[in-house]
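The values are calculated or read from the model by the stated rules, or taken from the named source; none is laboratory data. If you're wondering where the values come from, they're calculated on a predicted model, not measured in any experiment. When we count neighbours, we look across all protein chains shown, and the Cβ atoms used for this are built from the backbone with ideal geometry, even at glycine. The area values use the complete protein model at the heavy-atom level, side chains included, leaving out ligands, DNA and RNA. Shrake-Rupley method; radii C 1.70, N 1.55, O 1.52, S 1.80 Å.
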Amino acid sequence: MNIILIIQKVSHKIDSVIKYMTFLTIIGMITAITMQIVFRVFFNALSWSEEAARYLLVWSTFLGATMAYRRGMHIAVTFIVEAFPAGTRKILQILSHFLAAVFFIIIVYYGIRYMQMQAIQVSASLRLPMKYVYAVIPFSAIVMGIHSVNKILEVIFPSQPGNTAGEEVS
Amino acid sequence: MTLVLFASFFLLLLLGVPVAIAIALSSITVLIREGIPLLIVTQRMFAGTDSFALIAVPFFILAGDLMAKGKVSEKLVDFADSIFGFLKGGLSIVAVLAGMFFAAISGSGAATTAAVGTTLVPELKRKGYNEASSASLIAASGTIGVVIPPSVPMILYAVIADQSVARLFLNGFLPGTLMGITLIIIAINQAYRRNYPKGAEFSIKNIFKTFIDALWGLLTPVIILGGIFTGYFTPSEAAVIAVNWSLIVSLFIYRDMKLKEIVKIISRSAMTMSVIMFIIATSAIMSWILANWNIPSIIAAGVLSLSSNPYIILFLITLIILVTGVFMETASALIILTPVFLPLINQIGVDLIHFGLIMVVGLSIGMITPPVAINLYVASTITGLSIEKITRAILPFLLGLLTVLFLLVYLPLMIPMIF
């Protein structure tokens, strides 16, 4: 099996796992805040629900961002790039994914450094080790890094089967 | 340094790098040049998204998407039709009115355009309405989606400018209604010129029947806005209640959606929101740089040295907002422009709620000005008409909305009308 197909497969597999994770973070937020309201109105206010919802928002943001990156949904100014002839457009697309990859690498490195720095910190009400909360940032950057390599390969070798172009959530 | 920040940002944007990543990379360039440890990048990205107020963003998007897919929009259209359908060109009024109803449920312009468009376009075609005009009217009514509360851009503005979401929401009704009335007047004028047909006879009985049918949808804004304005729950809680409510309505009352469809809608909304939230995350790095070097205050001082007349300054800012809206999507434009303008607005003594409304209404007009015009794209997908055709037909509506915008900019300076 060649390297292109492997990367394509890895990118696809991770994405299908992340799809479930993102879904769970959204459901988690709905549950936490619904409980917060119910408990405040009928019983005693919960102490942990707001914190849980905030961290789930961070998680869903970065996980969802990887899905959006794979599907090319991140908002970009494309009308200028699209005005160029196909050859130039390809080079610009590769450059854009490459620059994104540089950003992801920076985030992986400093995300892990940040986790190490906060290694002993725990959250205020859930007593959750903060490094697990922060972990989503380097994790999602690794995933987006893999997606960006996949994207670059897709631009160079467009005839591969199973391209991400036009992929929808299913 | 300011130059490096903005020049690299625009260069990256023009290269087609996604807005969020362009913001991050230009900020990182400045941080490296100034020798500041890059740990601040991840720290700020976390801090930017770790906010309870922002939880309202995903859930107002989700609630709107759930309601747009189900029968709710259909029932709202039927209700509006029973009131105004009997008039000449009544369906155009229905389009705007249904858009306004839906705006009170959804927090986004695209969802509003999609909800009203999908239901009404076949009907408009069947009755012989001009297709391009109808499509552009629906796209233009979609802009009201972010002006009448709830509104995702208003939440973003409130968080960035540290203002009350509830106050912004409350003040959104008047400009939103004004936008609707303006569009209706233009549409009626077109109806008479083109001799559009009338709809079914006016009947109180029918109004009552469609009202009962639409009640579940109409109750949504009553619950969420009522809850927010009475202080019974926070906007974030209200957004989650809106989601629960729309799930109950579509699963148990209208029974128009299967669980599988709902899972799909949740995943889609998760992506839609994370696109906005990811911009929020990286813009937290840029706003740290802006604040650290006092860049917005320097810009404010520069502008004020040219003129300190609030009328002129607001005129120029409104122009910048409109031009940005032509080339940029609403949320990203708002996230970038707001922190830059805040000190200037403070110095000329304009209420920050008033400015938030100008920002939101100004950028909502950007939803119908190509090349970056989400509502036109949605309307084009629904009708199958080309963007060019719809764009040509949108001009009268665009002028109408611009008039409302400039009324909104200047009237509150003369009459106290911001609550």
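Points worth noting:
- Partner lysines for B:LYS71 [C-alpha distance under 29 Å; skip if fewer than 8 residues away on the same chain]: A:LYS19, B:LYS88, B:LYS125, B:LYS127, B:LYS198, B:LYS205, B:LYS209, B:LYS258, B:LYS260, B:LYS264
- Each of A:THR61, B:THR2 has its accessible area taken with a 1.4 Å probe; listed largest first, they run B:THR2, A:THR61.
- Alpha-carbon centroid distance for the pair region B:200-243 / region B:49-104, whole angstrom: 10
- Of B:LEU219, B:MET257, B:GLN347, farthest towards positive along the dipole that unit charges on Lys, Arg, Asp, Glu beta carbons give chain B: B:MET257
- Helical runs (DSSP H, four residues minimum) scored at -39500 (n - 2.57) apiece and divided by the length of the protein assembly as shown put the mean residue ellipticity at 222 nm at -25500 deg cm²/dmol.
- Rounded to the nearest 20, the size of the Cβ-charge dipole of the protein assembly as shown about its Cα centre is 840 debye, with Lys and Arg at +1 and Asp and Glu at -1.
- For region A:104-131 versus region B:114-175, the gap between their alpha-carbon centres in whole angstrom: 40
- Percent RCO, i.e. relative contact order, over region B:73-213, from Cα pairs under 8 Å lying at least 6 residues apart: 37
- Solvent accessible area, Å² - B:TYR377, 1.4 Å probe, full protein context: 100
- Phi angles of region B:81-92 translate, via the Karplus equation with coefficients 6.51, -1.76, 1.60 and θ = phi - 60°, into HN-Hα couplings of 5, 5, 7, 10, x, 6, 6, 5, x, x, 5, 5 Hz per residue; Gly and Pro are given as x.
- Electrostatic tally near A:HIS97: other residues with Cβ closer than 12 Å to its Cβ, Lys and Arg +1, Asp and Glu -1, net +2.
- Seen from B:LEU168, the other residues with C-beta closer than 13 Å to its C-beta sum to a net charge of -1, counting Lys and Arg as +1 and Asp and Glu as -1.
- Interface area, chains B and A: about 5100 Å² of buried accessible surface, summed, with a 1.4 Å probe and ligands, DNA and RNA left out.
- Peptides B:295-302, B:70-77 ranked from most to least packed by the mean count of surrounding Cβ atoms within 10 Å: B:70-77, B:295-302.
- Each peptide among B:19-25, A:140-146, B:159-165, A:41-47 gets the average number of other Cβ atoms lying within 10 Å of its residues, and from highest to lowest they stand as B:19-25, A:140-146, B:159-165, A:41-47.
- Which of B:TYR311, A:TYR132 is most accessible, then next, and so on - probe 1.4 Å: A:TYR132, B:TYR311
- Charge sum, other residues only, whose C-beta stays under 12 Å from B:THR119's C-beta, Lys/Arg counted +1 and Asp/Glu -1: -1
- Per residue, the protein assembly as shown exposes 40 Å² of accessible surface when a 1.4 Å probe is rolled over the protein heavy atoms with every protein chain present.
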